[in-house]
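Some notes on the structure that comes next.
The values are calculated or read from the model by the stated rules, or taken from the named source; none is laboratory data. If you're wondering where the values come from, they're calculated on a predicted model, not measured in any experiment. Glycine also receives a Cβ, built like all others from the backbone with ideal geometry; neighbour counts cover every protein chain displayed. Just so you know, the surface numbers come from the protein's heavy atoms only, side chains and all, with ligands and any DNA or RNA stripped out. Shrake-Rupley method; radii C 1.70, N 1.55, O 1.52, S 1.80 Å.
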Protein chains: 2
Amino acid sequence: MLPMPGQAPPSVTGYALLGLLSLRGEMSGYGLKQLADRTLRFFWVAPAMSHVYSELERLRTAGLVAQTVANRGGRRLRRYSLSERGERVLKAWLSAGQVEFPVLKHEVVLRLFLGHLTGPDRPLQVLDAYRLQLNGRIEELRAIRGRLGTDPHFQYPAMVAEWGIRLYQEELASVEQVGSALVEADP
Amino acid sequence: MLPMPGQAPPSVTGYALLGLLSLRGEMSGYGLKQLADRTLRFFWVAPAMSHVYSELERLRTAGLVAQTVANRGGRRLRRYSLSERGERVLKAWLSAGQVEFPVLKHEVVLRLFLGHLTGPDRPLQVLDAYRLQLNGRIEELRAIRGRLGTDPHFQYPAMVAEWGIRLYQEELASVEQVGSALVEADP
DNA sequence: CACCGATATTCCTGTTAGGAATAGGTGGAT
DNA sequence: ATCCACCTATTCCTAACAGGAATATCGGTG
């Protein structure tokens, strides 16, 4: 028996896109993708282009985003914005529902986990490369944090940026610690 | 022009399953799923049953796992094990390739990010619930770490367990810090 | 021996990821 | 002015992944 899909609730990514629209107002699918790459990427996902468009279409069908179509030149430009209904639904989701424990897809740790197949040198190399990436990530986040300034409109994104900086600094410390353990475990 | 798929390399999850087989030897799809739920889940994914079986079938077709079929009673039991070719391919992957930066899907942070829609109280509630979940996770990992003991065969999994304990303890500290920031930001 | 829970496999559907193809617009160099 | 490179914008296609339901056997307990 089909559970009558009809109006399945948005996925978390759907809610996240609604949230971006609530922060920034009307924008194109492309613009939304750019924004997601600068924000959601750090704590959720960087949705694929195709994913953004298909999700917007689903949200539009559900009446959660409004679409305006303009013709600029020989070209059809669509802008999306949060509808009133969308805002209500988004707030309801934020205020309810049980929150999933974070999911981590951590290839560095996977390679450490399988260290018995390579010996400790390879995980050490991987950790070294990871250290560089982490420093880059921290710089990125510091730049973002700086741009957000003290504008109260962006106080929550600012907290998120600070959370990220802290997280990655702690990852650096973990890299050191695991590195020491690997060196000691060396035959 | 098609890039001649023919023999597409395994996905990271595919390699992870090969790695589990290398740690534990022959096992059923079901057993592999159980094992993944006790290991991979913490730093990669908990693959769905269907995903484990479809992945095993793909790996078998690619000659990376061997399948033995026994008839126990009226029942067909399949066991999977890492083939020699599979071990070579897995080691080659571990020794090469550029390592992706970790991906984090963190609903707690997403809700913090959208705090402008709810005000600070709701993120504070969410953080409280998260604190409980974190303590549970830490206990789980401590139990696993304990079971792994000092057996050198499991020294890398042990390092991973220790990494996880550290990570979640640091998350607890971040929860405290964000909590303070939220209380201060309260109007 | 009837039942329950763990083991084991298969199927089906929907969602997400990722890449490539297409095309108009904009700004700079020649 | 025109060509090119890059940015904006949308669409399409395929594979990976998630999740649940259906099925069936086995092992033990009351």
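A dipole drawn for chain A from +1 and -1 charges on Cβ atoms has a positive end, and of A:Ser11, A:Leu64, A:Asn135 the residue lying farthest that way is A:Leu64.
Largest first, how would A:Tyr156, B:Tyr30 line up by accessible area (1.4 Å probe)? Don't jump to the answer; show the numbers that get you there.
Details: A:Tyr156 15, B:Tyr30 135 Å².
Of A:Tyr156, B:Tyr30, the descending order of accessible area is B:Tyr30, A:Tyr156.
Using the per-residue mean of other Cβ atoms lying within 10 Å as a proxy for protection, in what order, highest first, do the peptides B:108-115, A:21-28, B:157-164 fall? If you can, show how the numbers build up before the last one.
Working: B:108-115: 24.1, A:21-28: 16.2, B:157-164: 22.6.
Packing order, densest peptide first, comes out as B:108-115, B:157-164, A:21-28.
Placing +1 on the Cβ of every Lys and Arg and -1 on the Cβ of every Asp and Glu, with no other charges, gives the protein assembly as shown a dipole of roughly 1600 debye about its Cα centre.
Classify the range A:59-110 as rounded, prolate or oblate from the Cα gyration tensor: take a ≥ b ≥ c as the square roots of its eigenvalues, call it rounded if a/c is under 1.5, otherwise prolate when a/b beats b/c and oblate if not. Spell out each step's value before the answer.
Details: a/c = 5.26, a/b = 1.55, b/c = 3.39.
Judged from the Cα gyration tensor, the range A:59-110 comes out oblate (a/c at least 1.5, b/c at or above a/b).
In terms of the Cα gyration tensor, with a ≥ b ≥ c the square roots of its eigenvalues, is the range A:12-95 rounded because a/c is under 1.5, prolate because a/b exceeds b/c, or oblate? Intermediate values should be presented prior to the final figure.
On the way: a/c = 1.96, a/b = 1.25, b/c = 1.57.
Because a/c hits 1.5 or more and a/b fails to exceed b/c, the range A:12-95 counts as oblate.
Largest GNM mean-square fluctuation among A:Val45, A:Val89, A:Val103, using chain A with Cα springs under 10 Å: A:Val103. Summing Cβ point charges (Lys, Arg +1; Asp, Glu -1) relative to the Cα centre of chain A gives a dipole of roughly 1220 debye.
For every other residue with a beta carbon closer than 10 angstrom to the beta carbon of A:Leu114, add +1 if it is Lys or Arg and -1 if Asp or Glu, then tell me the sum.
Working: positive: A:Arg111, A:Arg122, B:Lys91; negative: none.
My count for the surroundings of A:Leu114 gives +3.
Each Cα pair under 8 Å and six or more residues apart adds its sequence gap; the mean of these over the residue count of the range B:12-95 is a relative contact order of 35 percent.
With n ≥ 4 as the cut-off for DSSP H runs, can you work out [θ] at 222 nm for the protein assembly as shown, using -39500 (n - 2.57) per run divided by the number of residues, rounded to the nearest 500? Could you put the intermediate results ahead of the total?
Details: 14 runs with 228 residues, N = 374.
Using -39500 (n - 2.57) per qualifying helix, the result is -20500 deg cm²/dmol.
Looking down the axis that turns chain A into chain B, the chain A residue with its beta carbon nearest that axis, and the gap rounded to whole angstrom, comes out as A:Glu170, 2.
Couplings for the range B:99-104, taken from phi via the Karplus curve 6.51 cos²θ - 1.76 cosθ + 1.60 with θ = phi - 60°, read 8, 5, 5, x, 10, 10 Hz in order; Gly and Pro are left as x. Rounded to the nearest 20, the size of the Cβ-charge dipole of the range B:107-185 about its Cα centre is 180 debye, with Lys and Arg at +1 and Asp and Glu at -1. Sequentially through the range B:28-42, phi angles give Karplus couplings (6.51, -1.76, 1.60; θ = phi - 60°) of 7, x, 4, x, 5, 4, 4, 4, 4, 5, 9, 10, 3, 3, 6 Hz, Gly and Pro residues having no value and appearing as x. With a 1.4 Å probe and all protein chains left in place, how much of the accessible area of the range A:67-135 comes from carbon and sulfur atoms, in whole percent? Result for the range A:67-135: 47 percent of the exposed heavy-atom area is carbon or sulfur.
Rolling a 1.4 Å probe across all protein chains gives A:Thr61 an accessible area of roughly 100 Å².
Averaged over peptide A:122-134, the number of partner chain Cβ atoms lying within 10 Å of each residue's Cβ comes to 2.
For the A and B pair, go ahead and give the buried accessible area with a 1.4 Å probe, both sides summed, in Å² to 100. Roughly 7000 Å² of accessible surface disappears when A and B pair.
Just tell me how shielded A:170-180 is by partners: mean number of partner chain Cβ atoms within 10 Å of each residue's Cβ, no decimals. Intermediate values should be presented prior to the final figure.
Values: counts 7, 5, 0, 2, 6, 1, 0, 4, 5, 0, 0.
Counting other chains' Cβ atoms within 10 Å and averaging over A:170-180 gives 3.
Averaged over peptide A:153-163, the number of partner chain Cβ atoms lying within 10 Å of each residue's Cβ comes to 6.
Students often forget the sequence filter, so: which lysines lie under 29 Å Cα-Cα from A:Lys91 once same-chain residues fewer than 8 apart are removed? Straight-distance partners of A:Lys91: A:Lys33, A:Lys105, B:Lys105.
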